[in-house]
Amino acid sequence: MLASPNDTICLNNLNQLSILFRKMPITQRHIELIFFKAYANLRSEAARTYLSFMWWIIDPILSMAVYYVVFALLFQRGTQDYVPFLLIGLITWQWFTNTINHGMTTIQGNTKLMNQVHLPKVVFPSIVIVMDTFKFSIVFLLVLLFLWVYGFDVGVAYLALPLILGVQFLLTTALTYLLAAIIPFLPDFQFLVKTTLRLIFFLTGIFFEGSKIPPKYQSYFYANPMATLIEDYRNVLMHNMWPDWQALGIICLYSAIGLYGAYRLIGRFDYVYPRVIMQ
Amino acid sequence: MSVANIDNNMVISLRNVAFHFWLKKSLFRKERFAALKDISFDLFHGESLGIIGRNGAGKTTLLRLLGGIIRPDKGTLINNGVKTSLLSLQVGFDPQLSGLYNAILSGMLLGFTKKEIEDKLYDIVKFAELEEFIDQPVRTYSSGMRARLGFSIAFHLDPDVLLIDEVLAVGDADFKKKSLAVMKEKIQSNKTIVLVSHSSGTIRQLCNRAVWIEEGITRAEGDTEDVLHVYEEFLRTFKHY
């Protein structure tokens, strides 16, 4: 871009130029925007229904009820403490899948806005991540309350809980950023992602224990990071057992690398998105 | 056109700027569309620069370029560290939220901090004449009320360089008069403004300098009268064909 001789006169402005037109890093102002927009969206969502934010709680309970009826009552597949078992698997899975499903189309979906004002595009998926994480944290606290009432005690292993939550947050954010970065170029991909997520849902061990799988398939089963994470949650919350540290470390490492890559990718295409999408 | 000298008053400078985008035709086929081919001009502090050209000349793309939304493919665009902003009305409005929330949100999207907007909130609401309704959701507003709020936000939150695309007056008849009046006042003040229009009347009335763009190429830059003269001449000969 800086090629013609006319530019030499403006060398002292190069720095400002690069700040304004090249890097556009996330600043304090953008972080403020992400959180305020997430807060405003949550309010707006709540205003759309009569029961408003109660739906964030009712919705997971209803889906839990559906799976309980199907698996515990109809198929008689329920094991001991099946309700807490199912609940832990479902809500953590829903945090994962909701964030990805909502977040992956955010860059593609904000064409109008990004042609009116310049924003680092990473702001768009971040808003959804904050929203879904907030909803999850309410539901998660309620599930913890339920577990204590049900009779599970708080054990030492609870110390590992923030770590597991953190790793899942990292994993979810990395995947959401990555898909949000790609989908403006390949809009058809979003349907494939939705179907794949539904498939993985049945393979993640939300209704069954990983140990019940034939040994020769176990390595495939645990190649899915969500299967490992959900098992870790259950071990901590129900059995006061420590998580699988090694697996957790590997997921954390890959997620961190993926997150960095996806963040850079979105930054790289910052000025390409308004062009790709406007037609 | 001469090469710009070192001029402290220069805020933005464009040299041989080109920009294209792709029109998707099918999965494997896309068509290249050159919106801007060769644009050069300077914008100086405190002036009102009019950009004139027929529909499809690339005026809107040029505004986006000046607003920092897109970057040129070729050529250089030098910004001397000024904050530019398109005069966008009702940016990011959410009908479910109150006018107050929308004002803050819209302002934050336009590049201001929450604090900066809150300091001006009183003026924004007062100018829009929405004191009684500001806590109501925007979905209950009439389109005129919405337009008033949108205009008031954009008008009160001032970037260094304001980029305006045609629209100057919004809302019902009374507010139209009021918004046009304050806009004119702002344009004629010491504010740096770029105004895009296809009408020579608007540019003649409001701008001290003008640039004429035709098919993505700068055809003339200079005093409003001179530029408009060649533009109108062009239109006349063009109509003969």
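The values are calculated or read from the model by the stated rules, or taken from the named source; none is laboratory data. This one's a predicted model, so the numbers in the text were calculated from it and none came from an experiment. Note: ideal-geometry Cβ built from the backbone for every residue, glycine included; neighbour counts use all protein chains shown. The area values use the complete protein model at the heavy-atom level, side chains included, leaving out ligands, DNA and RNA. Shrake-Rupley method; radii C 1.70, N 1.55, O 1.52, S 1.80 Å.
Less than 5 angstrom separates the built amide H of A:R77 from those of A:A72, all sequence-distant by 5 or more or on a different chain. Please compute the Kirkwood hydrodynamic radius of region A:48-109 from all pairs of different C-alpha atoms, in Å with one decimal. Radius from the Kirkwood sum: 13.4 Å. Between the alpha-carbon centres of region B:12-64 and region A:183-211 there is a gap of 42 Å.
Taking a ≥ b ≥ c as the square roots of the eigenvalues of the Cα gyration tensor of region B:1-127, is the shape rounded (a/c under 1.5), prolate (a/b larger than b/c) or oblate? Show your work: numbers first, answer last.
Values: a/c = 2.63, a/b = 1.34, b/c = 1.96.
Because a/c hits 1.5 or more and a/b fails to exceed b/c, region B:1-127 counts as oblate.
When the protein assembly as shown is described by a simple charge dipole with +1 on each Lys and Arg Cβ and -1 on each Asp and Glu Cβ, the residue from B:S85, B:I213, A:V276 located farthest towards its positive end is A:V276.
In region A:81-95, whose amide N lies under 19 Å from the spot 7 Å out along Cα-to-Cβ of A:R48? List them in ranges. Within reach of a label on A:R48: A:95. Couplings 3J(HN,Hα) for region A:64-75, derived from phi with the Karplus relation 6.51 cos²θ - 1.76 cosθ + 1.60 (θ = phi - 60°), are 4, 4, 4, 5, 5, 4, 5, 8, 7, 8, 7, 7 Hz, where x marks Gly and Pro.
Would you mind computing Rg(Cα) / (2.2 N^0.38 Å) for region A:163-209, counting N as its residues?
Details: Rg = 13.0 Å, N = 47, 2.2 N^0.38 = 9.5 Å.
This ratio for region A:163-209 stands at 1.37.
For region B:143-241, the normalised intensity computed at q = 0.22 Å⁻¹ comes to -1.14 (log10 of I(q)/I(0), Debye sum over alpha carbons, equal scatterers, no solvent).
Extending 7 Å from Cα along the Cβ direction at A:I31 and again at A:K194 yields two label points whose distance is 3.5 nm.
Computed about the Cα centre, the dipole magnitude for the protein assembly as shown is approximately 1140 debye when only Lys and Arg (+1) and Asp and Glu (-1) carry charge, each at its Cβ. When the Cα atoms of region A:125-213 are aligned to their principal axes, the ranges along those axes come out at 50, 34, 19 Å in descending order.
Given just the C-alpha atoms of the protein assembly as shown, how large is their convex hull per residue in cubic angstrom? Walk me through the intermediate numbers first.
Details: hull volume 102.2 nm³, N = 520.
In the protein assembly as shown, the Cα hull volume divided by residue count equals 197 Å³.
In the frame of its principal axes, region B:52-152 has Cα extents of 50, 32, 22 Å, reported largest first.
In terms of its C-alpha gyration tensor, region A:207-261 has an oblate overall shape, because the principal axis ratio a/c (a ≥ b ≥ c, square roots of the eigenvalues) is not below 1.5 and a/b does not outweigh b/c. The convex hull of the Cα atoms of chain A, projected and averaged over all directions, covers 19.1 nm². Using only side-chain charges placed at the Cβ, +1 for Lys and Arg and -1 for Asp and Glu, the dipole size of region A:144-231 relative to its Cα centre rounds to 220 debye.
Tell me the volume per residue, in Å³, of the convex hull enclosing the alpha carbons of region A:120-279.
Working: hull volume 20.5 nm³, N = 160.
Given the Cα convex hull of region A:120-279, per-residue volume reads 128 Å³.
Amide H contacts under 5 Å for B:V11: B:L43, B:F44, B:H45, restricted to partners 5 or more places along the chain or on a different chain, H placed in the peptide plane at 1.01 Å from N. The 3J(HN,Hα) values that the Karplus relation (6.51, -1.76, 1.60; θ = phi - 60°) gives for region B:221-230 are, in residue order, 9, x, 4, 3, 4, 4, 5, 5, 4, 5 Hz. Gly and Pro appear as x.
Shape class for region B:34-79, computed from the alpha carbon gyration tensor (a ≥ b ≥ c): oblate, with a/c not under 1.5 and a/b at or below b/c. Packing here is the average count of other Cβ atoms within 10 Å per residue, and on that basis the peptides B:37-49, B:111-123, highest first, run B:37-49, B:111-123.
What net charge do the residues around A:Y177 carry, taking every other residue with its C-beta under 11 Å from that of A:Y177, with Lys and Arg at +1 and Asp and Glu at -1? With Lys, Arg at +1 and Asp, Glu at -1, the neighbours total +2.
Provide the percentage of antiparallel DSSP beta bridges, counting only those with both residues in chain B; round to the nearest 5. Provide the component values of the computation, followed by the final result.
Details: 23 of 41 bridges.
So the antiparallel bridges in chain B amount to around 55 percent.
Normalised size of chain B, defined as Cα radius of gyration per 2.2 N^0.38 Å with N residues, equals 1.09. Of all lysines in the structure, those lying under 17 Å Cα to Cα from B:K176, and not within fewer than 8 positions of it along the same chain, are B:K126, B:K184, B:K186. Remark: region A:149-155, residue by residue, has Karplus-estimated 3J(HN,Hα) of 5, 5, x, 7, 9, 6, x Hz, where x stands for each Gly or Pro and the curve is 6.51 cos²θ - 1.76 cosθ + 1.60 at θ = phi - 60°.
Looking at region A:107-217, the accessible area is 47 square angstrom per residue; that uses a 1.4 Å probe and ignores ligands, DNA and RNA. Could you please state, rounded to a whole Å, how far the C-alpha centre of region B:111-146 is from the C-alpha centre of region A:88-106? Using only Cα atoms to place each centre, the spacing works out to 35 Å.
Using only atoms on other chains, find how many Cβ atoms lie within 10 Å of each Cβ of peptide B:74-84 and report the average.
Working: counts 3, 4, 8, 4, 11, 7, 6, 6, 2, 1, 2.
Mean partner-chain Cβ count within 10 Å for B:74-84: 5.
Amide H to amide H, with H built 1.01 Å from N, B:G222 comes under 5 Å of B:A210, counting only residues 5 or more places away or on other chains.
If one takes the accessible area of chain A alone plus chain B alone and subtracts that of the pair, with a 1.4 Å probe, what total in Å², rounded to the nearest 100, results?
Numbers: alone 16220 and 12950 Å², together 25200 Å².
What A and B bury together is about 4000 Å².
Inter-chain Cβ neighbour count for A:112-122, averaged per residue, equals 5 (cutoff 10 Å, partner chain atoms only). Take the alpha-carbon centre of region B:162-213, take the same for region A:231-270, and report the distance between them in whole Å. Value for the Cα centre distance between the two parts: 53 Å.
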